[in-house]
Amino acid sequence: MKNKIDKLKYGFSKEGLQNFDIFDFLYKYGTLLVTLIAIVFFSMKLEFFFNILNIMNILRSIAIVSLMAIGITISLTVDGFDLSVGAVAGFAAVIAAKFMVVWEFGTVPSIIVPLAAGVLIGGINAFLIVKIKIKDMLTTLSMMFIITGVLITFTGGSSIYNYMPLPNNGGIAPGLMNDAFLFLGQGKLFGVPFPVFIMMFAVIVVHIFLTRTKYGRYLYMTGGNKEAAMLSGIPVNKYKVLAYMLSGFFAALAGVVLASRLGSGEVNAGGPYLMDSVAAAYIGFSVLGAGKPNVFGTIVGSILMGVLLNGLIMMDFPYYSQDIIKGLVLVLALGLTHYKKRG
């Protein structure tokens with residue numbers, strides 16, 4: 001009776017308070033809560049933080065991170081981990097720039113070929129993991145170094161850009177990154193940066209794929225319990241191959257958008273986005289208590305990282321200390337996730 005009176009009077013019961021698990025609450029809602037607190041804090045401290053121009057700037061800044069993080073998320077569904085996405089993005093950016101600036105191919109080939117290259121690299125990763133039985137992390141880490149070395153050899157360590165001097169004949173590169181290609185990374189549609197549309201389209205498509213199709217369910221089953229999936233007749237190796245090829249595709253898409261945004265092909269262009277992408281993908285595990293890799297959680301993680309970095313930059317926070325914040329956010333997300341799994 002006393003418990004019912006407390007519930008009517010205060011809106012909660014003592015039994016409910018006793019059963020309340022702070023870690024469970026933080027696991028489910030911690031990311032959303034931290035994001036909200038960060039937005040409120042920066043909005044109070046910074047006059048121009050919460051305006052449409054800065055919001056568009058944040059969304060533009062997380063587009064490339066989110067595309068790479070989607071690739072990592074898909075690899076995580078099969079209990080894998082793709083560390084090569086940053087190098088693949090840089091590879092795609094250089095190939096796209098080379099096709100346009102040096103070899104004078106049009107916009108369409110300069111987009112399709114880098115995407116196909118990303119899928120091919122993902123297939124090679126999958127072959128080494130599935131057939132040669134090398135661990136996912138070691139395979140993709142090795143691929144990251146290989147791709148970076150190939151790019152430096154391929155470009156001589158220099159960027160590829162409009163009117164660049166050619167090293168062999170001393171002339172000027174004959175081609176240009178045209179307006180159609182540059183629109184992918186620099187254009188706006190209805191006042192919204194076009195990369196944001198690419199990001200949201202990718203999020204919607206992959207979310208539907210993972211949650212509403214049998215192929216997505218098979219990916220989760222492969223990662224959740226490989227033996228049970230095999231006994232159910234699921235070709236787990238084929239789905240691992242699919243996961244890594246999709247990861248390569250989205251990393252390459254990020255690279256194409258990045259080349260368009262920068263107006264050049266940089267060898268290490270994708271490297272700085274790797275840590276943010278990994279953080280976003282792992283933060284996604286805890287969003288609304290999902291407990292598994294999911295694209296909705298990944299985009300929330302990207303937004304959190306984007307808000308934090310944007311606010312810290314506007315507050316003149318030292319750039320060399322920003323990684324501390326990224327690391328702390330990632331450690332908290334991983335800590336809550338592993339605590340929940342252990343529980």
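To keep it simple, each residue is scored yes or no on (1) surrounded by 14 or more Cβ atoms within 10 Å (Cβ to Cβ); (2) within 26 Å of Val108 (Cα to Cα).
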residue: Thr155; (1), (2): yes, yes
residue: Ser159; (1), (2): yes, yes
residue: Pro174; (1), (2): no, yes
residue: Asn178; (1), (2): no, yes
residue: Ile204; (1), (2): no, yes
residue: Glu227; (1), (2): no, no
residue: Leu231; (1), (2): no, no
residue: Asn237; (1), (2): yes, no
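Out of the residues in the stretch 230-247 that are assigned to a loop (DSSP other than H, G, I, E, B) and not β-branched (Val, Ile, Thr), state the one that is nearest to Leu210 (Cα to Cα). It would help to see each step written out before you state the result.
As a first pass, look at the stretch 230-247 and keep what is assigned to a loop (DSSP other than H, G, I, E, B): 232-235.
Those left that are additionally not β-branched (Val, Ile, Thr): 232-233, 235.
Values: Ser232: 19, Gly233: 19, Pro235: 17 Å.
For the stretch 230-247, the residue satisfying everything is Pro235.
If you go through the stretch 257-290, how many residues are over 14 Å from the mean Cα position of the chain (by Cα) and either part of a helix (DSSP H, G or I) or without any contact (Cβ under 8 Å) to a residue 12 or more places away in the chain (or both)?
Within the stretch 257-290, the first condition is being over 14 Å from the mean Cα position of the chain (by Cα), and the residues that meet it are 259-269, 286-290.
Narrowing the set further to residues that are either part of a helix (DSSP H, G or I) or without any contact (Cβ under 8 Å) to a residue 12 or more places away in the chain (or both) leaves 259-262, 286-290.
The total comes to 9.
Restricting the search to the stretch 188-224, which residues are within 21 Å of the chain's Cα centre (by Cα) and of a type in the set (Gly, Ala, Ser)?
Selection gives Ala202, Gly216, Gly223.
Mind checking which pairs have a first residue in the stretch 46-70 that is in contact (Cβ under 8 Å) with a residue 24 or more places away in the chain and a second that is in a loop (DSSP other than H, G, I, E, B), Cβ under 7 Å, 6 or more apart or different chains?
Cβ pairs passing all conditions: Leu46/Met315; Asn54/Phe48.
Kindly establish whether Phe81 is aromatic (Phe, Trp, Tyr), in contact (Cβ under 8 Å) with a residue 12 or more places away in the chain, more than 22 Å from Phe296 (Cβ to Cβ) and surrounded by fewer than 24 Cβ atoms within 10 Å (Cβ to Cβ). Can you show your working first?
Numbers: aromatic (Phe, Trp, Tyr): yes; in contact (Cβ under 8 Å) with a residue 12 or more places away in the chain: yes; more than 22 Å from Phe296 (Cβ to Cβ): no; surrounded by fewer than 24 Cβ atoms within 10 Å (Cβ to Cβ): yes.
So Phe81 does not fit the description; no.
Read-outs throughout are calculated quantities, based only on the coordinates presented, and are distinct from any laboratory measurement. Remember, predicted model here, so these are calculated numbers, not experimental data. Glycine also receives a Cβ, built like all others from the backbone with ideal geometry; neighbour counts cover every protein chain displayed.
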